[in-house]
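Derivation of every value follows stated rules applied to the coordinates shown; laboratory data play no part. Remember, it's a predicted structure, so these values are computed and weren't measured experimentally. Note that each Cβ is placed from the backbone with ideal geometry, even for glycine, and that neighbours are counted across all protein chains shown.
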Amino acid sequence: MSEATEMAAESLHLQRTAQAAGTPHILIIDDEAAIRESLETLLSLEGFTITIARDGVSGLEQLARSEYDLLLLDLALPGESGIDLLPRILEMQPNLPVIMITAYGTVGNVVDAIRAGAENFVQKPWDNEKLLADIRTAIARRRAEEEVIQLKRTLKQRYNFENIVGKSEPMLRLFDLIAQVAPSRSTVLIQGESGTGKELIAKALHANSPRRDHPFVPVNTGAVPSDLLESTLFGHVKGAFTSAITAKKGLFEVANGGTLFLDEIGTMNMDMQAKILRVLQDRRFMHLGGVQEIQVDVRIIAATNVNLQEAVREGRFREDLFYRLNVITLELPPLRLRREDIPLLAAHFLKFYARENGTEEPSLSPETMRILMEHEWPGNVRELENAMERGVVLATSRTITPDLLPAQLTGSTYSASLLDHKPDASLFDLMEEIERRIISDRLERCHWNQTEAAEYFKIPLSTLNQKIKRLNVEIKKRTRD
């Protein structure tokens, strides 16, 4: 074996060992020795494993030998440029984050690099802290995406779960319980706070049951007016009431052979509870206005964010119905008790909404992720989903920064404090004050650069200046150009 072959084999062994240990592995492709040495020193001190390539050819050879967590790619390489090389690189490793490095950071170069698939663009000489932050963000995003993909693949293979993301201990226990309960005929009660994903769990139960080829019919009983709920569930005969000009099947019939999901069952009135109890006991019911009994084979899954035992004690829920529903109970943990799932869920929603909106998938800045991890999430997974959708829609770059998050996550709530401090103010005065605070907040975030703030607001600089004067916005000295 030649010395070069031995060195290559040893390099590959070290790379695989580092990957197995979880150390991020970065490939640097740059033809300048000083740049390579500077990057290698900086990144090695930060604990990264580094592999060096002097040109595009040797870089492609390294990519063929091993998987990498990130690539630092010089734009001006001998032979093929970095941008020309990028499609071949991404063909070999499609999910590899690539940060382009160049001394010529023109707008055209940046646009070409991003269009070719680069994650980011860094100009020489770079700021070490910013470069390290960009690298960590790109690696974290890639690993989160891969973890989501692997988790979904595992759940799909083992449980046939769709769109349920989680690796926390409470969720893993829940997955095992769903897999155990799903094949049975038993009624299931799903309890959890609003936004925890109760319907997704109900769908997973149905999809893993012998009823999977029959209908899954969801109905939010709390959203249907009480006087229409009976007709909705049981159907009616022609002439049963004034607007019943034709007969209509109810959802129990539609779900025959499958699963009926009764969401928010804790809001149902007592009369309706009695009718539901009879169906659970006898699997029989009559159309509204009808006289003939209809038999159905339906599995009932009910869900509530109400404490039904407390409702029973207060006389708001039938005790006999509670015990009929409470054969098997699944408790969904709130998001604040499964914080390790937040990065996975965020990555899942970013990918989904980027695809929905036809945009490139953004990443979360470290500060944004810190805010997500520290938030209490009263709205649970639904609140996180809405925040990620908002970020995708409002993002003007590849990174979602804290200013793109909803106000309740960042504490930037204007109206509540205004109402407290100015109870006698007119609506016009309140709106002016809110506008003043928004402009002042954005100027501070832009380090008092009015041109940058005008670009953010998508208004001419002259318009912003007029608003600053009219609203008496205090302008502080700019802290940077």
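Quick look at the values:
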| item | result |
| --- | --- |
| In the stretch 154-261, the chymotrypsin sites (Phe, Trp or Tyr not before Pro) that fall in loop regions by DSSP, at most 16 other Cβ within 10 Å | PHE241 |
| Difference of contour (0.36 nm per residue) and Cα-Cα distance, ASN128 to LEU471 | 119.5 nm |
| Extension reserve of the HIS447-ARG382 stretch, reckoned as 0.36 nm per residue once the Cα distance is removed | 20.0 nm |
| Surface/4 estimate of mean projected area, convex hull on alpha-carbon atoms of the stretch 336-404, nm² | 4.1 nm² |
| Difference of contour (0.36 nm per residue) and Cα-Cα distance, TYR323 to LEU228 | 31.6 nm |
| Förster-model FRET efficiency, 60 Å R0, GLU169 and THR463, C-beta, rounded to 0.05 | 0.65 |
| Nearest 10 degrees, 0 to 90: helix 169-181 Cα axis against the chain principal axis | 40 degrees |
| Likely footprinting exposure, HIS287, HIS214, fewest C-beta neighbours within 10 Å first | HIS214, HIS287 |
| Scaled radius of gyration (Cα, divided by 2.2 N^0.38 Å) that the chain gives | 1.28 |
| Inter-label distance, nm, simple model (7 Å from Cα along the C-beta direction), SER184/GLN309 | 1.8 nm |
| Spin-label model distance (nm) - GLU455 vs ARG336, 7 Å beyond Cα toward Cβ | 4.0 nm |
| Degrees separating the helix 128-159 axis from the principal Cα axis of the chain, which is the longest one | 40 degrees |
| Set of the stretch 191-218 residues, backbone N closer than 18 Å to the point 7 Å along the Cα-Cβ line of ARG283 | 206, 209-217 |
| Considering only the chain, percent of DSSP beta bridges that pair antiparallel, nearest 5 | 10 percent |
| Degrees separating the helix 461-471 axis from the principal Cα axis of the chain, which is the longest one | 60 degrees |
